[in-house]
Amino acid sequence: MTVGLLDEIREQVAAARGLRCPVARVMAELDKRDAGELRAAMDDRSITGSAIGKALRARGLRISDEGIRGHRNRTCSCQQKGG
């Protein structure tokens with residue numbers, strides 16, 4: 001049985017819904033080492049969200065300081081999923 005275009009689109013939409021948090025989306029794009037370093041930076045409150053955002057954008061990743069702030073403050077979709 002072949003998968004139709006509509007099924008493929010629905011799968012993409014479902015996958016995107018799982019990563020609505022901008023930090024989660026960026027984490028998914030990073031390799032294991034960089035993702036670990038981003039987690040450490042997010043946990044280190046001496047590093048500002050603006051500095052994290054600037055470093056990520058310098059690497060060509062799309063993320064806003066507000067998205068980082070939401071993740072740090074636990075108001076993002078990650079928290080709504082219990083993660």
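The values are calculated or read from the model by the stated rules, or taken from the named source; none is laboratory data. Note that this is a predicted model, so its numbers are computed, not measured. No Cβ is skipped: glycine too gets one built from the backbone with ideal geometry, and neighbour counts run over all protein chains shown.
Points to keep in mind about this one:
- Qualifying residue in segment 62-78 (condition: at pLDDT 85 or above, acidic (D, E) and in contact with a helix residue (DSSP H, G or I) (Cβ under 9 Å, 6 or more places away or on another chain)): yes
- When L19 is tested against (1) over 17 Å from T75 (Cβ atoms); (2) in contact with a helix residue (DSSP H, G or I) (Cβ under 8 Å, 6 or more places away or on another chain); (3) modelled with pLDDT under 85, just one condition goes unmet, and that condition is (1).
- Qualifying residues in segment 45-69 (those that are assigned to a helix (DSSP H, G or I) and in contact (Cβ under 8 Å) with a residue 40 or more places away in the chain) - the one farthest from C21 (Cα to Cα): I68
- Candidates in segment 1-16 are the residues that are of a type in the set (A, V, I, L, M, F, W, C), surrounded by fewer than 10 Cβ atoms within 10 Å (Cβ to Cβ) and at pLDDT 70 or above; of these, the one that is farthest from C78 (Cα to Cα) is L5.
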